[in-house]
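The values are calculated or read from the model by the stated rules, or taken from the named source; none is laboratory data. What you see is a predicted model, and the numbers here were worked out from it, not measured in a lab. Here Cβ is always computed from backbone atoms with ideal geometry, including for glycine, and neighbour counts include all displayed protein chains. Please note that ligands, DNA and RNA were not included when accessible areas were found on the heavy atoms of the full protein model with its side chains. Shrake-Rupley method; radii C 1.70, N 1.55, O 1.52, S 1.80 Å.
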Amino acid sequence: MALHDVLVLNSNYEPLNVCNVRRAISLLILGKADVIVLRDEPIVSAGGELDSPAVLRMKYQVKRPLPQLRLSRHAVLARDNYTCQYCGVRAKDMTIDHVVPRWVGGPHTWDNLVACCRRCNLKKADKTPQQANMTLRRKPRRPSYIPYLSLPTYLKAQGRDEWRDFLPYFPEVQSVSVA
Ligand SMILES: [Zn+2]
């Protein structure tokens, strides 16, 4: 049978993880989860047809520690939605800018790194925003993404129609303006 992925929600509907359909079916058989969304095509196996889940919800609340969100180039670009934080242009070939440049002690941290297009990167060069006369559209912050899903899993999950309704939306990632 085809091993498609299944989104697993906690009992409070927060996304918990993504598992394969075998694991999903065993959760159902063990009575640990309920089906929230079914896929259109059933699973055909030697034993006959079986309903194929797309989204499950655990019957009890699974407690897990919050994962550390790792600071990386990809994570900064995703937080900024691939949008230049100076001019607002959206592009695939973004660079990462140190708002306070490294040579004046700018740290490599969530609140000092932003997505920056190549044009703005050239213009800003090694200057501070004030020296370059450029303004940040919003104050960069450590994002508070999904409690459980990793960022790559979250981004992948956003591409799935059956899952999208269950993924949290993060307004603070979209627009926090700097006065
Ligand atoms: Zn720009």
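Of all residues in the range 60-70, those being at pLDDT 85 or above and surrounded by 12 or more Cβ atoms within 10 Å (Cβ to Cβ) number 1. Can you find even one residue in the range 17-24 that is within 22 Å of the chain's Cα centre (by Cα) and surrounded by fewer than 15 Cβ atoms within 10 Å (Cβ to Cβ)? There is at least one residue in the range 17-24 that is within 22 Å of the chain's Cα centre (by Cα) and surrounded by fewer than 15 Cβ atoms within 10 Å (Cβ to Cβ). Among residues that are surrounded by fewer than 16 Cβ atoms within 10 Å (Cβ to Cβ) and either farther than 23 Å from Arg57 by Cβ or modelled with pLDDT of 75 or more (or both), Ala157 is not included. Among the residues of the range 39-50, those that are open to solvent by less than 80 Å² (accessible area, probe 1.4 Å) and under 22 Å from Asp165 (Cα atoms) comprise Arg39, Pro42. Strands (runs of 3 or more DSSP E) fully within the range 49-131 that include at least 3 residues being assigned by TED's automatic domain parsing to the domain that holds Asp5 and more than 16 Å from the ligand (Cβ to nearest atom): 53-58.
Across the range 71-92, a minimum of one residue is classified as charged (D, E, K, R) and in contact (Cβ under 8 Å) with a residue 60 or more places away in the chain.
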